[in-house]
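This report concerns only the one structure given below.
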Amino acid sequence: MSEQTLNRPTVPTGVPALSRGRGIRLGLKRIGYEVRVYFRLGDQVFFTFLFPVVMLSIFSAAFSASGNVGTNADGSGGISQGAYFLPGMIAAGILLSGVQNLATDIANEKSDGTLKRLGGSPLPVISYFTGKMGQVFVTSIAQVALLLVVARVVFSIELPTEPEKWVTFAWLYLLGIVTSAVLGIALSAVPRSGKSATAVVIPIVLVLQFISGVYLMFTMLPEWLQNIASLFPLKWLAQGMRSVFLPESFAALEQNGAWELGAVAINLLIWCVLGLVLSRLSFRWIRKDG
Amino acid sequence: MNQHAPSSDTIVEVENLGKRYGSLVAVDDVSFNICRGETFALLGPNGAGKSTTIEILEGYRDRTSGTVRVLGVDPQKGGVAWKAQLGIVLQSSAEAAQVTVREQVEQFAAYYDHPRDVEEVIAAVGLTEKAKTRIGKLSGGQRRRVDVALGVIGRPQLLFLDEPTTGFDPEARRHFWELIRSLKADGTTILLTTHYLDEAAQLADRVAVIAAGKLVEIGPVDTIGGAEARVPIVRWRDHAGLHEERTLEPAALAARLLDAAAGEPRDLEIVRPSLEDVYLGLVGAADRNPASARTTTGEPAHV
């Protein structure tokens, strides 16, 4: 090709500028659409939204006869098994609503042509992700609320009354859900097809739950497994949630005999930044020219 | 006549376009222009490079060589403002099984600054009665019509239609043609790929034939293949078997046959080659001799 062709003035056909602020406006519009689609998917509602409630119910029922946790020497006091596992279920819910939900959702949209179509439309990438993040927030807040209501009403679990506990809960929740959502976006790049998405994502999420003190008491795990789990955010999120929902005396049962909220924040922040960088690097509307 | 200089009414310019996947050459030195308001059809067998070409113009694929301008913009650098002027109907439908037709069309309408009316577009693709049905419950042909609705909702300057009527029944195709004609009447420029030659003949102002990645022919529908390819064919049968002769005066030939046979010739037919015949001739010729890329004017295939 000659220089001449390259330098030829471009054709003055019009590409008019778009209206201002549409990235945010369309992002908000996407949230409604995404939430609607989320609740229309039966498997999503069951395996992501209701899963922690179902697990809490099973734990409360299954271990109702095995007595309280953290009792005094004479067997008095302590809290119920359900109460002990509630914070873990909340942490697991945050993980499911972010990582499992977005990783499978976006991988599916990649393989079924949704992303290709959106990539050919004037929808800004930022609006797409605003929609996804909004969907995660709305569904996970509803999920946590449902979990707390069921815990209180059905299983008579005492919830904290001190405002500072709820402040801790608020920042843990926010940091946890943002981290979980960006990690979900990053993980969505791994499955090669929509069909393999759940096969890739669910084992990761499930293993994490088992080694992070969600279903098993963390300190019952062998030390090497505790060390592995300590690399990942779920262990820290669950520990932070226990600091909110369990009595102070339970801090002694933690890995280092303390809640370590500073370490919780640092681990979650590192994963949050890592997730952001990985999502930024890996996200494409389509896999170009495979 | 210098056809190379694009006028201000040129909306798509493709020059010496090439696309390779490793050692496979998918598109080889293809050049064409599309003018504003024109309906241009890209024809060719499966795997000829039609979809690769159209996806390069849509910005989905990066080219290996050549120059491409769509609305004056290089598709590899096209941003959202550029995309807002395009309507894209891809070869395969996207899923969106959980939303209704109306929800989906409304959603996409919001992405554009001056969309068409949602109900009008749904009516134009014949889905008014299905507006409240979830897309997952529609038939294949109905889903295709949703794709078309999403392609036109943004009032595009340029509409890409990649095999749009696959899976349509004959009546739905007629309705679709009406819709395309009304878009044309509104001034929409259309780039169409299709397997149905009658569709190209019905809709296109110009067609280009791609075979094995090369442009083998380009021109108005009624002239491609050259005058020679359109010479009527007279077929008849006598004691020696089946005869076939191409002549510009088929009636005169038939009259001579009548005289010679002293009676009605057996199995007499006079056939004017359809676009399909011309196309099959071109594609067949390209398969036999890949170097014979020519236009109707006999020049190398550049417009």
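The values are calculated or read from the model by the stated rules, or taken from the named source; none is laboratory data. The structure presented is a predicted model; accordingly, all values stated were derived computationally and were not measured. Please note: Cβ atoms are built from the backbone with ideal geometry, for glycine as well, and neighbour counts cover all protein chains shown.
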With respect to residue B:48, is the statement that it is modelled with pLDDT under 95 and either touching a Lys or Arg at 6+ places or on another chain (Cβ under 8 Å) or farther than 21 Å from residue B:209 by Cβ (or both) true? no
Does any residue of segment B:198-207 turn out to be buried (at least 17 other Cβ atoms within 10 Å of the Cβ), part of a strand (DSSP E or B) and of a type in the set (D, E, K, R)? yes
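Within segment B:39-120, which strands (runs of 3 or more DSSP E) (wholly inside it) include 2 or more residues that are at the interface with chain A (Cβ under 9 Å from one of its Cβ atoms) and crowded, with 24+ Cβ neighbours inside 10 Å?
Values: elements: B:39-43, B:65-70, B:86-89.
Here the list reads B:86-89.
Return yes when residue A:192 is of a type in the set (Lys, Arg) and either part of a helix (DSSP H, G or I) or in contact with a helix residue (DSSP H, G or I) (Cβ under 7 Å, 6 or more places away or on another chain) (or both) and no when it is not.
No: the conditions fail for residue A:192.
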Looking at segment B:191-210, can you tell me whether even one residue there is over 16 Å from residue B:34 (Cα atoms), out of contact with any strand residue (DSSP E or B) (no Cβ under 9 Å at 6 or more places or on another chain) and touching a residue at least 60 places away in the same chain (Cβ under 8 Å)? yes
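Tell me, which residue of segment B:16-38 that is in a loop (DSSP other than H, G, I, E, B) and without any contact (Cβ under 8 Å) to a residue 40 or more places away in the chain is nearest to the other protein chains (Cβ to nearest Cβ)? Steps first, answer last, please.
Pass one, segment B:16-38, residues in a loop (DSSP other than H, G, I, E, B): B:22-23, B:36-38.
If we keep only those that are without any contact (Cβ under 8 Å) to a residue 40 or more places away in the chain too, we end up with B:22-23.
Details: B:22: 11, B:23: 15 Å.
Ranking the qualifying residues of segment B:16-38, first place goes to B:22.
Which residues, counting only those in segment B:121-135, are under 28 Å from the mean Cα position of the chain (by Cα) and within 14 Å of another protein chain (Cβ to nearest Cβ)? Break it down stepwise before answering.
Pass one, segment B:121-135, residues under 28 Å from the mean Cα position of the chain (by Cα): B:121-128, B:135.
Of everything in segment B:121-135, just one residue is under 28 Å from the mean Cα position of the chain (by Cα) and within 14 Å of another protein chain (Cβ to nearest Cβ), namely B:135.
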Is one or more of the residues making up segment B:160-180 assigned to a loop (DSSP other than H, G, I, E, B) and under 30 Å from residue A:21 (Cα atoms)? no
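Determine, yes or no, whether residue A:99 is at pLDDT 85 or above, within 22 Å of the chain's Cα centre (by Cα), closer than 17 Å to residue A:142 by Cβ and part of a helix (DSSP H, G or I).
Working: at pLDDT 85 or above: yes; within 22 Å of the chain's Cα centre (by Cα): yes; closer than 17 Å to residue A:142 by Cβ: no; part of a helix (DSSP H, G or I): yes.
Here the answer is no, as residue A:99 does not meet what is asked.
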If residue B:108 passes every condition in (1) more than 28 Å from residue B:215 (Cβ to Cβ); (2) in the same structural domain as residue B:10 (by TED's automatic domain parsing); (3) in contact (Cβ under 8 Å) with a residue 24 or more places away in the chain but one, which one does it miss? (2)
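Condition test on residue B:174, is it in contact with a strand residue (DSSP E or B) (Cβ under 6 Å, 6 or more places away or on another chain) and surrounded by fewer than 19 Cβ atoms within 10 Å (Cβ to Cβ)?
On the way: in contact with a strand residue (DSSP E or B) (Cβ under 6 Å, 6 or more places away or on another chain): no; surrounded by fewer than 19 Cβ atoms within 10 Å (Cβ to Cβ): yes.
In short, no.
Quick one: which residue in B:123, B:109 is at pLDDT 95 or above and out of contact with any Ser or Thr (no Cβ under 9 Å at 6 or more places or on another chain)? It would help to see each step written out before you state the result.
On the way: B:123 fails: at pLDDT 95 or above.
Every option except B:109 fails the conditions.
Scan A:188, A:212, A:193 and give me the residue that is among the polar types (S, T, N, Q) and surrounded by fewer than 14 Cβ atoms within 10 Å (Cβ to Cβ). Break it down into steps so the answer makes sense when it comes.
Numbers: A:188 fails: surrounded by fewer than 14 Cβ atoms within 10 Å (Cβ to Cβ); A:212 fails: surrounded by fewer than 14 Cβ atoms within 10 Å (Cβ to Cβ).
Checking each option against the conditions leaves just A:193.
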Can you work out which of the residues in segment B:88-104 that are aliphatic (A, V, I, L, M) and in contact with an Asp or Glu (Cβ under 9 Å, 6 or more places away or on another chain) is farthest from residue B:50 (Cα to Cα)? B:97
Out of all the residues in segment A:120-133, which are crowded, with 20+ Cβ neighbours inside 10 Å and assigned to a helix (DSSP H, G or I)? A:127, A:128, A:130, A:131, A:132, A:133
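Among the residues of segment B:208-222, count how many are buried (at least 16 other Cβ atoms within 10 Å of the Cβ) and assigned to a loop (DSSP other than H, G, I, E, B). I'd like the intermediate steps shown before the answer.
Of segment B:208-222, the ones buried (at least 16 other Cβ atoms within 10 Å of the Cβ) are B:208-219, B:221.
Checking which are assigned to a loop (DSSP other than H, G, I, E, B) leaves us with B:212-213, B:221.
The total comes to 3.
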When segment A:40-56 is checked residue by residue, the ones that are closer than 15 Å to residue A:141 by Cα and out of contact with any Ser or Thr (no Cβ under 8 Å at 6 or more places or on another chain) are A:45, A:50, A:51, A:52, A:53
Filtering segment A:149-171 down to residues that are closer than 20 Å to residue A:39 by Cα and touching a residue at least 12 places away in the same chain (Cβ under 8 Å) yields A:150
Scope segment B:135-159; condition in a helix (DSSP H, G or I) and among the β-branched types (Val, Ile, Thr); matching residues: B:135, B:146, B:148, B:152
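Got at least one residue in segment A:254-264 being surrounded by 15 or more Cβ atoms within 10 Å (Cβ to Cβ), touching a strand residue (DSSP E or B) at 6+ places or on another chain (Cβ under 9 Å) and not aliphatic (A, V, I, L, M)?
At the first step, the residues of segment A:254-264 found to be surrounded by 15 or more Cβ atoms within 10 Å (Cβ to Cβ) are A:254-255, A:259-261, A:263-264.
The next check asks that each one be touching a strand residue (DSSP E or B) at 6+ places or on another chain (Cβ under 9 Å); those that pass are none.
Looking for residues that are surrounded by 15 or more Cβ atoms within 10 Å (Cβ to Cβ), touching a strand residue (DSSP E or B) at 6+ places or on another chain (Cβ under 9 Å) and not aliphatic (A, V, I, L, M), one finds none in segment A:254-264, hence no.
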